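To start, the structure under review is shown below, and the notes come after it.
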Amino acid sequence: MNYTKLNPAKRWLVAASLGLHAVSGWAGIPIEHWTQASGAMVYLVQSPAIPMLDVQIDFDAGSRRDPPARAGLASTMAAMSAKGVLAGSATEVALDENALSEAWADLGASFGASAGADRLSFLLRSLSYPDLLARAAQLAARQLGQPAFAEAVWQSERERLKASLREASTRPATLAARAFNRAVYGSHPYGQELTEATLAAISVADMHGLQRSLLPCRARVTLVGALNREQADALVLTLLSRLPQQLTSDCPALPAVAEVAPLRQPAEQRIDFDSAQAHVLFGQPGFARDDPDFFTLLVGNYILGGGGFVSRLTNEVREKRGLTYGVYSYFSPGLHAGAFTVGLQTRPDQAAEALKLSRDVVASYVAQGPSEAELRAAKDNLVGGFALRIDTNRKLLDNVANIAWNRLPLDYLDTWTERLEQVSAAQVRAALARKLQPQTMVTVVLGATAPALSTP
C-alpha cells in the first residue's frame, strides 16, 4: 500500500487501523450517559485529540436468543448485513455488496456487525469531519435498518458457510472446543452452535424477523471520539432512524433466558482423532458478569492460569515437568454463567499425566488459595498493564461498551486499579471455593492414545 497516495480520509483510516491514534493519558475518564426519548441508552467519551470517531451499537440479540433449530441465526444475519442495502429515498439506490464496500472506502470509513453469545453489535469508524461523518451516519443507518438480505446472495453465502463448517470439522481444536461447550452448558443456549442442519434451516425471512426485533429502545450506543454531547445525540438519532419504531414509549420485554445449570457430577469424553497433539480441556460453568466476586476472581485466575509464564499451571505443568508448551485457565462471564476453562496441548502419550497434574494444581489452589507473594505479583502485573487496556480509541470503546452493556458504574475504569488492590488472599480463596468444584468438572480429551483417563 502506498500510504502517501491515499486520499486524506483513507490515510486517517489506515492510521487508525494501525493504532496510531493512541488515546492521550487520562487522569480520569469522564463518561457521559443519557437516555434518548426512544429509550436508547447513550454513553459518550469525548476524545478530541484527533478527528476520529468510534461507535458501537449493541442489542440483546446474540446467539443465546437463536431458536435451537436455527442456531447461528445471529451470526449469519450479522454477516449478511454487509451484503447490500435496499433502495431508500429517491436519491438512495440499492447497493449490492461491492457497491456498499466501495461507498465505505470512498468515505474512508467502515461499518460492520458481529454476534456474540449475548449481544449483536454494529461498529462504525469514521473521521469526525462534519461532512464525512454525516454521510457515514446515513450509510450506516441504511445498513443497520435496511439490509437487503437478497435470497440469491444468501444461497451463495450458505454454501460458503457450509464449506467453512466442513473445513472447521477437520481441526482438532475446533472439535475439542465444541465437545467441551456441549458438556459444560448442556441444553443452555450458550452451548448452541451453527451446524449444517441449522444452517439449512435459516432463511432470509428469519433474518428479516431478527432485524425487526432491533428496536431503538433496545439499543445501547457507545461513542468515543471527537464530538460533543449535542453532536453525539444527533448522530445516534440518525444511526437508529431506520430501525423499526415502537408505537408506544414502552419497550416490549424480551423473553427470559434460563440460567446455566450447575454440573452435578464429573464426566469425561475421549475423542479419537489422528493428531500430533492431544487437546485437553476441563472445566465447568463459572459466573455471570454481574457477580460481586468479579474482581476477586480476575486476580485469582491470573495467578492460576491467566498470567502466562507467571501462573501456577505454567510453572507446574510446563516449567517443572515439560509436559506442554502452554497451559491456561480463564473465566468467560456473560449475562449468564460462562465457562471456567483449563486447556493445554501435549503429546498424546502424555495426556493422562498432564491432565492429572493440571487437575491437582486446580484442586490444590481452590483449597489453599494464593500466597501473599503470588497475590502481590498478580496485582502488580494487572495494575501495570491497565494503561494498555485503554491506549487507543478502539480499546477505550471496548471498555466503555462493556460498562454500558453490563450497566457498570460510570467510574468503573477510574476505580479499576483501586478495586483490584483491595482484593485479599482470603477473599480469593473464599471466592474460588464458592465458584469452582473440581470434583464435578467435565473433561474433554481429543487425540490421546493413552489408556482411559479416570475422572477425579
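The values are calculated or read from the model by the stated rules, or taken from the named source; none is laboratory data. In this text, all values refer to a predicted model and were calculated from it rather than measured experimentally. Here the Cβ positions follow ideal geometry from the backbone for every residue, glycine too, while neighbour counts run over all protein chains shown.
Filtered by the rule that a residue be polar (S, T, N, Q) and either closer than 25 Å to residue 335 by Cβ or in the same structural domain as residue 289 (by TED's automatic domain parsing) (or both), region 103-118 gives a lone residue, 114. The residue list 282, 295 contains one member that is under 22 Å from the mean Cα position of the chain (by Cα), assigned to a strand (DSSP E or B) and within 27 Å of residue 429 (Cα to Cα), which is 282. Is it fair to say residue 55 is within 14 Å of residue 240 (Cβ to Cβ), modelled with pLDDT of 95 or more and of a type in the set (Val, Ile, Thr)? Spelling it out, residue 55 is indeed within 14 Å of residue 240 (Cβ to Cβ), modelled with pLDDT of 95 or more and of a type in the set (Val, Ile, Thr). Put simply, of 140, 136, 79, 74 the only residue that is surrounded by 22 or more Cβ atoms within 10 Å (Cβ to Cβ), within 17 Å of the chain's Cα centre (by Cα), assigned to a helix (DSSP H, G or I) and of a type outside the set (Phe, Trp, Tyr) is 74.
Do we have any residue at all in region 99-116 that's part of a loop (DSSP other than H, G, I, E, B), at pLDDT 95 or above and within 25 Å of residue 245 (Cβ to Cβ)? So far as region 99-116 goes, no, none of its residues is part of a loop (DSSP other than H, G, I, E, B), at pLDDT 95 or above and within 25 Å of residue 245 (Cβ to Cβ). Counting the residues of region 181-200 that are in contact with a Leu (Cβ under 9 Å, 6 or more places away or on another chain) and either farther than 17 Å from residue 169 by Cβ or buried (at least 18 other Cβ atoms within 10 Å of the Cβ) (or both) gives 6. Would you check if there is a residue in region 373-386 being under 23 Å from the mean Cα position of the chain (by Cα), surrounded by fewer than 19 Cβ atoms within 10 Å (Cβ to Cβ) and without any contact (Cβ under 8 Å) to a residue 24 or more places away in the chain? Checking region 373-386: at least one residue is under 23 Å from the mean Cα position of the chain (by Cα), surrounded by fewer than 19 Cβ atoms within 10 Å (Cβ to Cβ) and without any contact (Cβ under 8 Å) to a residue 24 or more places away in the chain. For region 180-234, the set of residues classified as part of a helix (DSSP H, G or I), among the aliphatic types (A, V, I, L, M) and either in contact with a strand residue (DSSP E or B) (Cβ under 9 Å, 6 or more places away or on another chain) or over 30 Å from residue 284 (Cβ atoms) (or both) consists of 183, 184, 200, 201, 204, 205, 207, 210, 232, 234, listed by residue number. Contact map, region 240-264: residues that are in contact (Cβ under 8 Å) with a residue 60 or more places away in the chain paired with residues that are surrounded by 10 or more Cβ atoms within 10 Å (Cβ to Cβ) and among the acidic types (Asp, Glu), Cβ distance under 7 Å, separation 6+ or inter-chain. Pairs shown: 254/60. If you go through region 395-441 and keep only what is among the polar types (S, T, N, Q) and surrounded by fewer than 18 Cβ atoms within 10 Å (Cβ to Cβ), you end up with 402, 406, 415, 417, 422, 424, 437, 439, 440. Residues that are crowded, with 19+ Cβ neighbours inside 10 Å and not in a loop (DSSP other than H, G, I, E, B) within region 315-340 comprise 317, 318, 327, 329, 331, 339, 340, listed in sequence order. Scanning region 217-239 for residues that are more than 25 Å from the chain's Cα centre (by Cα) and over 14 Å from residue 136 (Cβ atoms) yields a total of 5.
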